[in-house]
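Here the structure comes first, spelled out in structure tokens, and everything after it is commentary.
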Amino acid sequence: MKFERYGIGIAKGLTVTIRHLFRHPITTQYPEQRLNISRRTRGNELIWDRNNCTGCATCAKTCPQGVIHVVTAAKIDENKYEVEKFEVDTGYCISCGLCVEACPFDALFMGYAYELAKYRRGELVQTNEMLFASEERRRSAYMHPELADELPRQTLLLERNTEE
């Protein structure tokens with residue numbers, strides 16, 4: 001068994017610490033400084049376009065977790081279905097994006113948001129108006145590359161540090 005001198009491990013640790021002490025920091029201050037994420041990201045939210053939705057419930061059928069519930073009513077005078085209730089339980093959603101891929105009418109989009117924590121379980125269930133696109137709920141270009149041009153370019157941590 002080979003014995004090392006006392007304190008060599010501490011000296012090695014101190015040299016590593018001193019080398020990293022004078023480097024430019026590479027972390028961002030998260031709540032204040034946010035990076036633009038990828039244009040085709042799959043966030044933790046779904047965005048629903050009511051105008052394109054026909055109520056076919058293909059998204060609900062393809063969801064592996066069964067978190068999408070669509071309730072429709074027949075409009076006999078127009079010979080089509082009207083969506084009365086579109087509900088997504090984001091507490092069980094695994095953000096796989098299969099519902100977006102399966103929608104034949106481009107009525108579902110993945111969103112950008114990934115900060116959707118809530119204090120109560122009931123607040124995780126999103127219904128009709130909560131799923132519409134808005135200024136803070138932007139659509140991602142996941143499965144919709146035609147939207148990529150209108151979204152901001154992804155910023156990398158490396159670029160952020162060289163600008164400062």
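Here are the numbers:
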read-out: Residues that are under 12 Å from residue 87 (Cβ atoms) and assigned to a helix (DSSP H, G or I), drawn from region 123-149; value: 124, 128, 129, 130, 131
read-out: Residue match in region 69-82 (condition: more than 22 Å from the chain's Cα centre (by Cα) and among the aromatic types (Phe, Trp, Tyr)); value: yes
read-out: Checklist (1) loosely packed, with under 12 Cβ neighbours inside 10 Å; (2) on the phi < 0 side of the Ramachandran plot applied to residue 7, failing item; value: (2)
read-out: Scope region 67-89; condition free of Cβ contacts under 8 Å to residues at least 24 places away in the same chain, of a type outside the set (Val, Ile, Thr) and within 21 Å of residue 125 (Cα to Cα); matching residues; value: 69, 84
read-out: Count of region 96-141 residues which are hydroxyl-bearing (Ser, Thr, Tyr), at pLDDT 90 or above and over 18 Å from residue 53 (Cβ atoms); value: 1
read-out: Test: residue 153 is farther than 24 Å from residue 81 by Cβ, in contact with a Lys or Arg (Cβ under 9 Å, 6 or more places away or on another chain) and assigned to a loop (DSSP other than H, G, I, E, B); value: yes
read-out: Number of positions in region 116-146 that are in contact (Cβ under 8 Å) with a residue 60 or more places away in the chain, closer than 24 Å to residue 30 by Cα and surrounded by fewer than 11 Cβ atoms within 10 Å (Cβ to Cβ); value: 0
read-out: Residue list for region 85-108, restricted to those being in contact with a helix residue (DSSP H, G or I) (Cβ under 6 Å, 6 or more places away or on another chain) and either β-branched (Val, Ile, Thr) or crowded, with 17+ Cβ neighbours inside 10 Å (or both); value: 86, 90, 99, 103, 108
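The values are calculated or read from the model by the stated rules, or taken from the named source; none is laboratory data. Small disclaimer: the values here were computed from a predicted structure and weren't measured. Virtual Cβ from ideal backbone geometry, glycine too; neighbours counted across all protein chains shown.
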